[in-house]
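Contents: one structure, followed by commentary.
Since every read-out is calculated from the coordinates, none of them should be taken as a lab result. Here the structure is a predicted model, which is why all the values come from computation and not from measurement. Glycine also receives a Cβ, built like all others from the backbone with ideal geometry; neighbour counts cover every protein chain displayed.
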Amino acid sequence: MNILTLFVVIPVLTVAGILFTKDLKQSRMVSAIGMTVQLILSAILVYLYVTERQAGNMAPMLFTFDALWFPALNIHYAVGVDGISVAMIALTGVVVFAGIFASWRMEFLSREFFISLILLATGVFGFFISLDLFTMFLFYEIAVIPMYLLIGIWGSGPKEYSAMKLTLMLMGGSALLMVGILGIYFFSVPEGGQLTFNVLEIAKHQIPIEMQRFLFPFTFVGFGILGALFPFHTWSPDGHASAPTAVSMLHAGVLMKLGGYGAFRVAIYLMPEAAQEQAWIFIILTSISVVYGAFGAIFQKDLKYINAYSSVSHCGLVLFAVLMMNQTAFTGAVIQMISHGLMTALFFALIGMIYGRTHTRMINEMGGLMKVIPFLGVVYVIAGLASLGLPGFSGFVAEMTIFFGAYEHVDLFHRVATIVAVSSIVITAVYILRVVGTLLMGPITDKHFLHLEDANWYERLSTITLVIGITFIGVAPLWLSDMINFSLAPLIEKLATVQLPGM
Amino acid sequence: MSLIEILAMRNELLLTIMAMILLIIDLNLNHAQKERMIPISIGLFLVVTLIGFIPQPDQTIFGGMYHTNGLVQLMKNILNIGVLIILFQSVSWLRSPANSTKISEYFFLLVTTLIGMNFMISSGDFLMLYLGLELATIPVAALAAFTHFNTKSSEAGIKLLLSSALSSGILLYGISMIYGSTGSIYFDTIGAAYVNVPLQVLAFIFFFTGMAFKISLVPFHLWTADVYEGAPINITSYLSVISKGAAAFILVIVMFTVFKELAPVYKNMIYLVAVLTMTIGNLFAMRQKNMKRFLAFSSIAQAGFILLGILGTNKMGMTSVVYFVLVYIFSNLGAFGVVAAIAAKTGKESMDDYDGLYLTNPKLSLLMMLSMFSLAGIPPVAGFFGKMFLFTSAASGGYYWLVFIAVLNATISLYYYLLVVKAMFINKSDHPIATFQSDGYTKIGLMLCALGIFVLGFWSQVYEFINNLSFGI
């Protein structure tokens, strides 16, 4: 079997396995085994990919497999990966693995919880390996819908409201996307050819510019909603705050990246002309996302809300970088997706663990936690420093690359947008350091906190996996950016040929 | 015409024979033995359904009044499968003391109306279409009033009868104008003579209005909610799935053959009716607490989606309509089956009663959830593929904004479908519906639905098969 298909088959088998389990112990064991296999498989995929490239394989997509599914509409099950998708798959593998261990004590309806969680992961993996827009869209929706149950059943706070809001907004996004994808399909080939959903086939041909102008906003906003594009980001804080730990991790860590990846792979890759023309609107919106998200985080008291708003800011940066449309910025966008995925997953995992001990998420009710739970405290600081872009961690590499890329544009508009976006770094530092200060340092405010226990083995396993990822990218970013750079070449070539009237 | 040629009508003949056999057997049973009718009827109907799958050559008899071909046969088979599931699902309701004396009447009436629908789909001229439609409608009115001691049920029967009579009148008026302006009632000969003349446009509008009543398109939907609520659940599911499906089938055939020259005119009409139907159906469905009314309004919204396929006016459009109806039968019957199973055991049919259902009846809740997702068009269940292909065919005609409105409506519909999921999975209840076991028949009926919902989407051969039989303008 094709190695990529395994990425969908293993989660499905895991789900089937969980169906036969009886209690929490069994179901978490099956999930852990399944997702460990998945993690190992991701590592193997990275290794295979790198060796294949070193052996001189120049094909744009590797490990491709193509099977005709609906002949009448020329819908294929087509899979294949390039450096970017490999990186995203590896990220997903790590975050899902950590997520399973972060929900080691999910007592209530545990079987159903793990099934929904892994179904969500199936959708994400499927999305990243798809080359066919139809299956891509199919997996996209599979990834979104379990969120409703996950938040609605196992969430906290106004969970029903948040779950419904999140689901409907994301499905609204997929409504836009549907129009975009169908439009692309009907203009995928020159008049009279066999219509196709295959991304690589469509990219060979230029979609008529009038159609691009019409379809690009649909596609970009459709994906943008999932990437928390201002003003469609409002599902994100509520959704993340109400979701159970593992779901927040997976959602902020991986699912929001579907937006950035899709905007890049579908909207910009297939419609570069319209992208160039309309980029300015979305650059303004994403700049607002970046700064607004950061300011939003400052004013929150709930740890999860802080992190949710910071995700809006960081994911806004991904879309911002994608819109800059040059090699450096694209590389930065992908690194930022990976970096933020790991970082935010770590944050949400830690918040879940702290909440499990203190039973509050309000920072003003906590203090001095570093003294009682030093392990979690230290890891929280690491996550915080990575988030505000300290060199040596992944955040620094990502943000530096993005801002360098953005500054390569010489005109005033891009410069101003870049400067506005850069200012978010300062604001990020404010809210991160404020939280670290009140939460971890200072005197212990509540005497109940004196008896808190530090992290268990499974919590350590979950967090350390993520910390390793963050540090690895921070210390050896070249390895990742080489992998991405090579795969960016077709897109850069395509953008270079774009000739617009008056530019 | 030789006797062999009459065998072209094998579906109708078999069903007629079946109806006769049921009546004769019923004469020989006393009150205590009436329950024996259940396995006999289901067995006979199963045989009819299976015979329908034997391939048959295309034929035209009665000088063009009746014709059959692969597509028509496929449509009849789809309806047969739907009716078979309904028969399974109605067993526990039929066994209740109030109905146990009327078991054979139920089966007889159901089979009779199905004969009408088969004639309607097979019709080659407007006369046969009208006869089939009437034969299909009148027994359904009797069925809607089946629990006649219940005022709501009687009301449903009379409402259905009156609104059907009105719509039939309008339809007949349209047909008479068509005859007047073209001099023919045969589908084959009308096509070329039917052009953009005001009288013919008017005739079309009357015809379309008559059919719109049957499919309950807005603004001709007002009878739907009351009838659906008042009628016994199994009849409601019959009305919302089989009646609607049959009418949609014949509508798409007639639109693609008889009125094909009129396409530029009727496209605008359908555009508007589609938008209205989807939107208004959705807006009303949101407020419903009674599961039957809820499903009634949701089925109005679903009918709006069917129009998107007709709007495609190509081969893809017809395929997507037939495929969607097939998927819709399984999804909607899944939902109705659960409602029927619960109502038969507990008599509860309000959404609030479903609170906490998952903890007591997990299997029913799961099937309900899958049906809801399928109706809303969420992958990986079949409803996604059905909707997706309808949207694709509408987009093939360039109707991108309509597709957008439709997908937004699908999102809105997701809201109220999720309300049911929320009740079952999330809400807590002090008095949940107690755990219960359904009888074997109901289980088979529900399992068939679950199977259809899961398999139909991934099994692309089904779509291909329909596509090979379809045609466009």
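Summary of values
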item: Stokes-Einstein D in µm²/s, Kirkwood radius over Cα pairs - segment A:178-325 at 20 °C with 1.002 mPa s viscosity; result: 135 µm²/s
item: For chain B, the longest site-free run once trypsin sites (Lys or Arg not before Pro) in DSSP loop states with at most 14 other Cβ atoms within 10 Å are removed; result: B:1-286
item: Loop GluC sites (Glu not before Pro), segment A:347-451 (other Cβ atoms within 10 Å of the site Cβ: 16 or fewer; DSSP); result: A:Glu408
item: Largest-first ellipsoid semi-axes for segment A:3-493, taking √(5λ) over the Cα gyration tensor eigenvalues, angstrom; result: 35, 26, 20
item: Rounded if a/c under 1.5, otherwise prolate or oblate - segment B:280-399, Cα gyration tensor axes; result: prolate
item: Burial ranking of peptide ranges B:56-62, B:139-145, A:238-244, A:225-231 (average Cβ count within 10 Å, highest at the top); result: A:238-244, A:225-231, B:139-145, B:56-62
item: Alpha carbon centroid spacing (whole Å) that separates segment B:1-65 from segment B:310-333; result: 27 Å
item: Amide proton proximity set for A:Ile75, modelled H, under 5 Å, gap of 5+; result: A:Trp69, A:Phe70
item: Three-way shape label, segment A:330-432, alpha-carbon gyration tensor, a/c 1.5; result: prolate
item: Cross-link partners of A:Lys447 among aspartates and glutamates (Cα-Cα below 15 Å; sequence separation of 8 or more within a chain); result: A:Glu365
item: Longest site-free stretch - chain A; sites: trypsin sites (Lys or Arg not before Pro), DSSP loop, at most 14 other Cβ within 10 Å; result: A:302-503
item: Rounded to whole Hz, the Karplus (6.51, -1.76, 1.60) HN-Hα couplings of segment B:115-131, x for glycine and proline; result: 4, x, 5, 4, 4, 4, 5, 7, 5, x, 8, 5, 5, 5, 4, 5, 4
item: Alpha carbon centroid spacing (whole Å) that separates segment A:351-386 from segment A:117-163; result: 28 Å
item: Helix-only mean residue ellipticity at 222 nm for the protein assembly as shown, each DSSP H run of n ≥ 4 adding -39500 (n - 2.57), per residue, nearest 500; result: -24500 deg cm²/dmol
item: FRET efficiency estimate (nearest 0.05) - Cβ-Cβ, B:Tyr173 to B:Phe62, R0 30 angstrom; result: 0.75
item: Links that overshoot a 20 Å alpha carbon limit, given the list B:Lys214/B:Lys292; B:Lys292/B:Lys348; B:Lys76/B:Lys387; result: B:Lys76/B:Lys387
item: Fewest-first sequence of A:Val179, B:Val218 by Cβ atoms within 10 Å of each Cβ; result: B:Val218, A:Val179
item: Exposed chymotrypsin sites (Phe, Trp or Tyr not before Pro) absent - longest run of chain A, DSSP non-H/G/I/E/B, at most 15 other C-beta within 10 Å; result: A:300-503
item: In segment A:166-229, the GluC sites (Glu not before Pro) that fall in loop regions by DSSP, at most 14 other Cβ within 10 Å; result: A:Glu191
item: Extension gain, B:Leu7 back to B:Ala32 (0.36 nm per residue minus Cα-Cα distance, nm); result: 5.2 nm
item: Prolate/oblate/rounded label for segment A:155-223 (Cα gyration tensor, a/c 1.5); result: prolate
item: Shape parameters for segment A:64-137, alpha-carbon atoms, Rg then Dmax in Å; result: 15.5, 48
